[in-house]
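Everything on this sheet refers to the single structure shown next.
The values are calculated or read from the model by the stated rules, or taken from the named source; none is laboratory data. Only a predicted model underlies this, so the values are computations on that prediction, with no experimental measurement involved. All Cβ positions, glycine included, derive from the backbone under ideal geometry; neighbour counts span all protein chains shown. Heavy atoms of the whole protein, side chains included, go into the accessibility calculation; ligands, DNA and RNA do not. Shrake-Rupley method; radii C 1.70, N 1.55, O 1.52, S 1.80 Å.
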Amino acid sequence: MRQDVLYFFDRKPEALPLYETFEQKVLSGMDGVTVKVQKTQIAFSNRHNFAFVSFLPVRKAKERPEVYIVVTFGLGYHLESPRIDAAVEPYPGRWTHHVLISGTDEIDDELMGWVEEAAAFSAGKR
């Protein structure tokens, strides 16, 4: 594991296995993806950023599990699913979706399909 990733999870090391599973699935399922660790999030990009991992508080504190990550991705439409904790439209026709993940079993085909769709949407931007 890269040192910058370990540093990102320094305060929440119990969430690292969630991230490792997500990163492995993204990198093994898509070509040309780069990973950039930033102060508050880890960004996945092709030409543009298409997915992020963070600890964004998308639920009230009492409703959040002790161990979690938030996967954020952008699509050209508002995705309707009970798994989406929050969705906003920062620009017309660009929707940002947040999904709280508390177990590796939640990093499933449905989530990865959304992330792959986000990667294709990102690659198509000018």
Picking from Val53, Val67, the residue that is surrounded by 11 or more Cβ atoms within 10 Å (Cβ to Cβ) and outside any loop (DSSP other than H, G, I, E, B) would be Val53
Checked pairs for the stretch 57-76, first hydroxyl-bearing (Ser, Thr, Tyr), second assigned to a strand (DSSP E or B), C-beta under 7 Å and 6 or more apart or across chains, list as Tyr68/Leu100; Tyr68/Ile101; Thr72/Ala51; Thr72/Phe52; Thr72/Ser54; Thr72/Thr96; Thr72/His97; Thr72/His98
If you scan the stretch 88-113, which residues turn out to be more than 12 Å from Val71 (Cα to Cα), in contact (Cβ under 8 Å) with a residue 60 or more places away in the chain and in a helix (DSSP H, G or I)?
Thr104
Take Thr34 and decide whether it is free of Cβ contacts under 8 Å to residues at least 40 places away in the same chain, under 19 Å from Arg11 (Cβ atoms) and out of contact with any Gly (no Cβ under 6 Å at 6 or more places or on another chain).
no
Report yes if some residue within the stretch 39-47 is in a loop (DSSP other than H, G, I, E, B), modelled with pLDDT of 95 or more and open to solvent by less than 70 Å² (accessible area, probe 1.4 Å); otherwise report no.
no
